[in-house]
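The structure appears below as structure tokens.
The values are calculated or read from the model by the stated rules, or taken from the named source; none is laboratory data. Given the structure is predicted, the values throughout are model-derived calculations rather than measurements. In this analysis, Cβ positions are derived from the backbone assuming ideal geometry, glycine residues included, and neighbour counts consider all displayed protein chains. Note: areas computed on protein heavy atoms with side chains; ligands, DNA, RNA excluded. Shrake-Rupley method; radii C 1.70, N 1.55, O 1.52, S 1.80 Å.
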Amino acid sequence: VITGDSIYLEHFTIAKDVVFNHIKKLKELTIENPSQQLRIDSLLSLTDKRIDFSLQSVALRNEKGIEVARELVATRQGKLYMDKIRALIADIQRDENNVLIQRQRENDKSIGSFNRSFFVFLTCIFILLAVILFSIRSYISNRKKSEELVLRQKQDIQDFIDSMSTLTAKVSTESKLLMVNKTALLATGLSMEELLGSNFLEGGWWTFDAKVHHRVSEAFKKACSGIPVNYDENIFVFGEVLTINFSLIPILKSEGIVDYIVAEGRDITPQKKVEESLAKLNAELEQRVKERTEKVYESEKKYRHLFENNPMPMWVIELPGFRFLDVNKAAIMHYGYNRKEFLSMTALDIRPVEEKKLFEELNRPAHLSASGLNRGVWKHLKKDGTIIHAEIFAHEIIFEDKTARLILSNDVTEKIKAEEKLVQSEKKFRNLIENSTDIISLTDKNYKTIYRSPSAERITGFTNEEREKLSETELFHPDDLSKVQMVMKEILKVPHKQFHLTYRHRNKAGHYIWLDGMMTNMLHDENIKGILFNLRDITESKQAEEALQKSQQLLSAIIENSTAVIYVKSLQGQYLLINRRFCELFHLDAEDILGKTDYDFFSKEDANAFRQMDVRTAVADHALTEEEKVPQDDGVRTYISVKSTLRDNTGKPYAIFGISTDITERKKVEDLLLASETRFRSIIEQFPYPVVTYTPDGTYTNANEAWEKMWQYKREDVKGYNIRKDPQMIASGLSIHVEKAFAGEVATSEPYLYDPSLIGHNSPKRWMQMTLYPLKNTDGEIVEVILILLDVTSNKEAEEKIKILNESLEKKVTERTTQLEMANKEMEAFTYSVSHDLRAPLRGIVGFTTILEEDYTDKLDEEAKRITTVIKDNTLKMGNLIDDLLAFSKMGPAGYY
Amino acid sequence: MLISFNFISDTPTFVRLAVHAAIGFIILSGAIYFAQPQLENSISFERKLFTSFAATIIVLIVFSVFSIFYSNRNVKTFELIKHTNDVINEAKETLSITKDIESEAGDM
């Protein structure tokens, strides 16, 4: 382009042709990479454009000169293409570099893996080969040792067999001799070489006939079939007949097949001879034993007869173990077990549970030797479950070659029972006497104590020793002494004579107690031989008797002196008892009234009324209290009668007991009170204000009509209400007034708004003022609290209205005041400005008037001077007035006053 | 086989560890079982020898298989590297020729 010489375009022309080949190759190489393919397509397009641009600039240089070409180049389009091409190629290279790095990494990894695997496999192979080598070496070494061991064992066996005194040979199943011991060689006189391989059955080392040969052959065959054979054979050897014991032992292989036979021949000729002589001796001995046994059997038969037919139960038990070895008939009959059962049991089994342990304890070897024949009395259990007491005699024997014990049992149950009964009877009587509350004592004829029951000490306090030391005068009451002494004297005269005696006896505390009882002369009774005292302490009953007497006297006095009428009637209405008051009222003596009924003194109607109450009382299970009207001298009087039944021990009524009190006066007072109460209630009921009454604990009792009207609900609806527990009262602080009233003072509350809905009523809320009056009885106790309610709802509403009105008025006043203040301010401003404006002309008038006086004094006549002075004075006055007005306006509303 | 498996990079590490431990335990159990004296005595020497050689041959076969596998993989990666280098060289050449076009045409 610069020179315009085409020689410089030579390389351009070549490059232009080559570049597309390279790009094409690049595309082929990256055919599997889509992003690179896109880039190469762009590169191809850009390269094409770049070449076109270059060609265009060359053409312009050639056709229109350098300036035009320069202008085209100056457009920088070519540079732009080139920059893009560079960027694209850089991207392609970067992408490929990344791929290259990745692939190199993979390659390194693969080579590393291969190397490691190679090393590991190689190591494995080496280890395996080493193991194999070691195994082979170990095997060869073990094998060598085993062979040596086998050889040594073989030698040992050979030595062992050689040392045996019997003829021993190893024979094959084909009856060939495989081995023989030295004894065989010595016995036959042949060498080992001569014997080995020869036939065992045909061998010339012994001489035998056809029968022996046959037996040996049969035995050998049997051994070859795997069965060991042992038998004795008489053989002619070295000129003498010897008894040989043959043993043919087959030796088996692991599969169970006979490998070879070990043949053994033992010379048992001397042994046989000894055996024969022994058999002879045994036969002789047997004969002797037989004879002896017969004798023993006879003797045993005799003893067995004694044992079996003994009337006492007997048995033999084995030691140790106590198993029954034999029992006699008496034992079987007495105990109920049959022989078989006995023989299957032990001595423990016929013992009750509680004695089993003791039996075992006492029958240990240590005790056995120490104990004698009599083993005491034991409890035995019969088959039917009854327990008997048996006295046991035991004797150690040898029974059927066993250590045993012969037992003889004597049943002593009845004897023991009788003894026990006797002991119990004695115990019972002793207990009876010892625990008796009565004194039982026995003295001799001199009244010396033989026996004294423990109750004597309990009652008198004296022990036997103390009692013995005391004389009769010290013991008996002086008043009773002579009586007691006389009885003690009289009783000795007649045997079996009994005396009843009641006297006072001094106790240890020094008081006298009453004793009552019998004295019996038993001196002639062989079993007793004494005087028997049976005394009872009756002090308490004596005291009770006295107390009863006193009580009866007291009751009688009360009944007689009572102002009430007291009487007892039979169930039929007849008077059984009456008091003095009864007689006084009817001016009759008691004798005239007792046994008579009410019908004898009163009219039929009155008597009927009394009788009816009596009947009601008789059937009632409690006392009845009723009023009764009784006509008397001063008119009909009212009595309050309390009547009850008197019952016997079985609870059956037998009389009616009554107390009637004259309540005529009290009745009158009560009527008056009732009338007063009615009036009072009526006033409350008619009271224009709501009134409510409460009990002293605050519970509502009643309310009046005004109350009902005010709250618009029934007075029954508030039953159970308690003013002291009213939550509204407590919350509003009114409970202070309530509590004050319930404490006994009159209380008046401030007006309050009460909401009945809070206690479950639907009446509207009302403003109330309450006044509480406590009502007290004569003792000053509060009996009732009266609440008077003042309904101030309308006042409250009026107050509320006035309040609202006042508030609106106040508001209006404030508004008016504000307006006034504003008007005043405006007025002030106006006054101030007007004053100022007025002063200005006045100053002018004064000024000009002064000029007239000073400058024209000679020209003015007196009148004119006077008028001038008047003008001036009035103007000054006017000025003063305005000044005052100004001052006034500055003072403001506060200055008005 | 177990060791070869351990070196295959595609398998996750934990899976490799697990398989390795599992097969290791199985081999250990087998070894403990066959270590019983009565079993050890009942297996003849010839059998043991044969087993050992068989194990060696198996290891060699496995090794051969893995060798072929690794060789192929290595060849492939070499080829890929070479291919990438060719692409880079071709790109460089293209850039060089394009520069020639630019300079030879006389653009400023």
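Kindly indicate whether residue A:169 is closer than 19 Å to residue A:267 by Cβ, aliphatic (A, V, I, L, M), assigned to a strand (DSSP E or B) and modelled with pLDDT of 85 or more. Steps first, answer last, please.
Details: closer than 19 Å to residue A:267 by Cβ: yes; aliphatic (A, V, I, L, M): yes; assigned to a strand (DSSP E or B): yes; modelled with pLDDT of 85 or more: yes.
Yes; evaluated as a whole, the condition is true for this residue.
What are the residues in the range A:208-257 that are within 11 Å of residue A:173 (Cβ to Cβ), open to solvent by 20 Å² or more (accessible area, probe 1.4 Å), out of contact with any Asp or Glu (no Cβ under 8 Å at 6 or more places or on another chain) and of a type outside the set (S, T, N, Q), if any?
A:221, A:224, A:226, A:257
Name the single residue, out of those in the range A:518-538 being over 22 Å from residue A:507 (Cα atoms) and among the charged types (D, E, K, R), that is least open to solvent (accessible area, probe 1.4 Å).
Only one residue tops the list, namely A:525.
Would you be able to say whether some residue in the range A:55-64 is touching a helix residue (DSSP H, G or I) at 6+ places or on another chain (Cβ under 9 Å) and not in a helix (DSSP H, G or I)?
No - not one qualifying residue is present in the range A:55-64.
Note down all Cβ pairs under 6 Å where the first residue falls in the range A:545-561 and is under 20 Å from residue A:590 (Cα atoms), the second is of a type outside the set (A, V, I, L, M, F, W, C) and open to solvent by less than 100 Å² (accessible area, probe 1.4 Å), and they're at least six residues apart or on different chains.
What qualifies is A:559/A:579; A:560/A:579.
In the range B:96-103, is there at least one residue being more than 7 Å from chain A (Cβ to nearest Cβ), more than 13 Å from the chain's Cα centre (by Cα) and among the aliphatic types (A, V, I, L, M)? It would help to see each step written out before you state the result.
Residues of the range B:96-103 more than 7 Å from chain A (Cβ to nearest Cβ): B:96, B:99, B:103.
Narrowing the set further to residues that are more than 13 Å from the chain's Cα centre (by Cα) leaves B:96, B:99, B:103.
Retained after the next criterion (residues that are among the aliphatic types (A, V, I, L, M)): none.
Within the range B:96-103, none of the residues are more than 7 Å from chain A (Cβ to nearest Cβ), more than 13 Å from the chain's Cα centre (by Cα) and among the aliphatic types (A, V, I, L, M).
Would you list the helices (runs of 4 or more DSSP H) that sit entirely within the range A:314-366 and hold 2 or more residues that are more than 14 Å from residue A:405 (Cα to Cα) and within 57 Å of the chain's Cα centre (by Cα)?
Details: elements: A:329-335, A:339-343, A:353-362.
Answer list for the range A:314-366: A:339-343, A:353-362.
Condition check: exposed (fewer than 14 other Cβ atoms within 10 Å of the Cβ), under 30 Å from residue A:223 (Cα atoms), among the hydroxyl-bearing types (Ser, Thr, Tyr) and more than 9 Å from every other protein chain (Cβ to nearest Cβ). Does residue A:175 satisfy that? It would help to see each step written out before you state the result.
Working: exposed (fewer than 14 other Cβ atoms within 10 Å of the Cβ): no; under 30 Å from residue A:223 (Cα atoms): yes; among the hydroxyl-bearing types (Ser, Thr, Tyr): yes; more than 9 Å from every other protein chain (Cβ to nearest Cβ): yes.
Judged against the criteria, residue A:175 is not a match.
Residues checked against (1) assigned to a helix (DSSP H, G or I); (2) at pLDDT 90 or above; (3) hydrophobic (A, V, I, L, M, F, W, C):
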residue	(1), (2), (3)
A:236	no, no, yes
A:243	no, no, no
A:255	no, no, no
A:265	no, no, no
A:270	yes, no, no
A:274	yes, no, yes
A:277	yes, no, no
A:292	yes, no, no
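So, in the range A:116-155, of the ones that are of a type outside the set (A, V, I, L, M, F, W, C) and within 30 Å of residue B:62 (Cα to Cα), which residue ends up least open to solvent (accessible area, probe 1.4 Å)? Step through it out loud before you land on a result.
At the first step, the residues of the range A:116-155 found to be of a type outside the set (A, V, I, L, M, F, W, C) are A:116-117, A:123, A:135, A:137-139, A:141-148, A:152-155.
Okay, now just the ones that are also within 30 Å of residue B:62 (Cα to Cα), so A:116-117, A:123, A:135, A:137-139.
Numbers: A:116: 112, A:117: 3, A:123: 52, A:135: 41, A:137: 186, A:138: 45, A:139: 65 Å².
It comes out as A:117.
Name the helices (runs of 4 or more DSSP H) wholly inside the range A:579-696 in which the number of residues that are within 30 Å of residue A:722 (Cβ to Cβ) and open to solvent by less than 70 Å² (accessible area, probe 1.4 Å) is 3 or more.
Numbers: elements: A:580-586, A:590-593, A:604-619, A:664-686.
Helices (runs of 4 or more DSSP H) meeting the threshold: A:664-686.
For the range A:718-757, enumerate the residues that are open to solvent by 30 Å² or more (accessible area, probe 1.4 Å), of a type in the set (Val, Ile, Thr) and not in a loop (DSSP other than H, G, I, E, B).
Result: A:730, A:736, A:748.
Are any residues in the range A:758-778 open to solvent by 80 Å² or more (accessible area, probe 1.4 Å) and either closer than 20 Å to residue A:734 by Cα or at pLDDT below 85 (or both), and if so, which ones? Show your work before the answer.
Going residue by residue through the range A:758-778, those that are open to solvent by 80 Å² or more (accessible area, probe 1.4 Å) are A:758, A:762, A:765, A:773, A:776, A:778.
Answer for the range A:758-778, where residues must be open to solvent by 80 Å² or more (accessible area, probe 1.4 Å) and either closer than 20 Å to residue A:734 by Cα or at pLDDT below 85 (or both): A:758, A:762, A:765, A:773, A:778.
Would you mind telling me which numbered condition in (1) open to solvent by 50 Å² or more (accessible area, probe 1.4 Å); (2) closer than 23 Å to residue A:408 by Cα; (3) of a type in the set (A, V, I, L, M) residue A:317 fails?
(1)
For the range A:65-78, which residues satisfy the criterion of being outside any helix (DSSP H, G or I) and more than 10 Å from every other protein chain (Cβ to nearest Cβ)?
Quick first cut of the range A:65-78, residues outside any helix (DSSP H, G or I) only: A:65, A:75-76.
Listed by number, the residues that qualify are A:65, A:75.
Restricting to the range A:539-568, name every residue that is outside any helix (DSSP H, G or I) and either hydroxyl-bearing (Ser, Thr, Tyr) or open to solvent by 30 Å² or more (accessible area, probe 1.4 Å) (or both).
Residues of the range A:539-568 that are outside any helix (DSSP H, G or I), as a first pass: A:562-568.
Hits for the range A:539-568 are A:562, A:563, A:567.
Yes/no per residue for (1) within 8 Å of chain B (Cβ to nearest Cβ); (2) surrounded by 13 or more Cβ atoms within 10 Å (Cβ to Cβ); (3) closer than 30 Å to residue B:92 by Cβ:
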{"position": "A:58", "(1), (2), (3)": "yes, yes, yes"}
{"position": "A:80", "(1), (2), (3)": "no, yes, yes"}
{"position": "A:83", "(1), (2), (3)": "no, no, yes"}
{"position": "A:88", "(1), (2), (3)": "no, yes, yes"}
{"position": "A:95", "(1), (2), (3)": "no, yes, yes"}
{"position": "A:111", "(1), (2), (3)": "yes, yes, yes"}
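Within the range A:780-798, can you find the residues that are more than 14 Å from residue A:694 (Cβ to Cβ) and within 59 Å of the chain's Cα centre (by Cα)?
Taking the range A:780-798 as the starting set, the residues that turn out to be more than 14 Å from residue A:694 (Cβ to Cβ) are A:780-781, A:790-798.
Result: A:780, A:781.
Quick check, is residue A:417 among the charged types (D, E, K, R), open to solvent by 70 Å² or more (accessible area, probe 1.4 Å) and more than 27 Å from residue A:345 (Cα to Cα)? Break it down stepwise before answering.
On the way: among the charged types (D, E, K, R): yes; open to solvent by 70 Å² or more (accessible area, probe 1.4 Å): yes; more than 27 Å from residue A:345 (Cα to Cα): yes.
The answer is yes for residue A:417.
Pick from the range A:697-717 the residues that are more than 56 Å from the chain's Cα centre (by Cα), open to solvent by less than 60 Å² (accessible area, probe 1.4 Å) and not acidic (Asp, Glu): which of them is modelled with the lowest pLDDT?
The residue in question is A:713.
When the residues of the range A:1-47 are filtered to those that are more than 8 Å from every other protein chain (Cβ to nearest Cβ), outside any helix (DSSP H, G or I) and more than 23 Å from residue A:72 (Cβ to Cβ), which remaining residue is farthest from the chain's Cα centre (by Cα)?
That would be A:31.
Determine if the range A:440-452 includes at least one residue that is surrounded by 11 or more Cβ atoms within 10 Å (Cβ to Cβ), within 22 Å of residue A:349 (Cα to Cα), without any contact (Cβ under 8 Å) to a residue 40 or more places away in the chain and over 57 Å from the mean Cα position of the chain (by Cα).
Applying the first criterion (surrounded by 11 or more Cβ atoms within 10 Å (Cβ to Cβ)) to the range A:440-452 yields A:440-445, A:447, A:449-452.
Right, trim to within 22 Å of residue A:349 (Cα to Cα) and you get none.
For the range A:440-452, residues surrounded by 11 or more Cβ atoms within 10 Å (Cβ to Cβ), within 22 Å of residue A:349 (Cα to Cα), without any contact (Cβ under 8 Å) to a residue 40 or more places away in the chain and over 57 Å from the mean Cα position of the chain (by Cα): absent.
For the range A:512-519, indicate whether the set of residues that are more than 20 Å from residue A:451 (Cα to Cα) and within 60 Å of the chain's Cα centre (by Cα) is non-empty.
no
For the range B:7-21: of the residues being of a type outside the set (D, E, K, R) and open to solvent by 50 Å² or more (accessible area, probe 1.4 Å), which is modelled with the highest pLDDT? First the steps, then the outcome.
Step one: list which residues in the range B:7-21 are of a type outside the set (D, E, K, R), which gives B:7-9, B:11-15, B:17-21.
Still in the running and open to solvent by 50 Å² or more (accessible area, probe 1.4 Å): B:12-15, B:17-18, B:20.
Details: B:12: 75, B:13: 76, B:14: 82, B:15: 82, B:17: 82, B:18: 86, B:20: 79.
Checked the range B:7-21; the qualifying residue modelled with the highest pLDDT is B:18.
Listed here are the residues, each with its yes/no results for (1) facing another protein chain (nearest Cβ under 7 Å); (2) not hydrophobic (A, V, I, L, M, F, W, C).
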{"residue": "B:38", "(1), (2)": "no, yes"}
{"residue": "B:41", "(1), (2)": "no, yes"}
{"residue": "B:44", "(1), (2)": "no, yes"}
{"residue": "B:51", "(1), (2)": "no, yes"}
{"residue": "B:54", "(1), (2)": "no, no"}
{"residue": "B:66", "(1), (2)": "yes, no"}
{"residue": "B:73", "(1), (2)": "yes, yes"}
{"residue": "B:81", "(1), (2)": "yes, no"}
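Does residue A:161 meet the test of being assigned to a loop (DSSP other than H, G, I, E, B), within 30 Å of residue A:275 (Cα to Cα) and without any contact (Cβ under 8 Å) to a residue 24 or more places away in the chain?
Working: assigned to a loop (DSSP other than H, G, I, E, B): no; within 30 Å of residue A:275 (Cα to Cα): yes; without any contact (Cβ under 8 Å) to a residue 24 or more places away in the chain: yes.
No, not satisfied.
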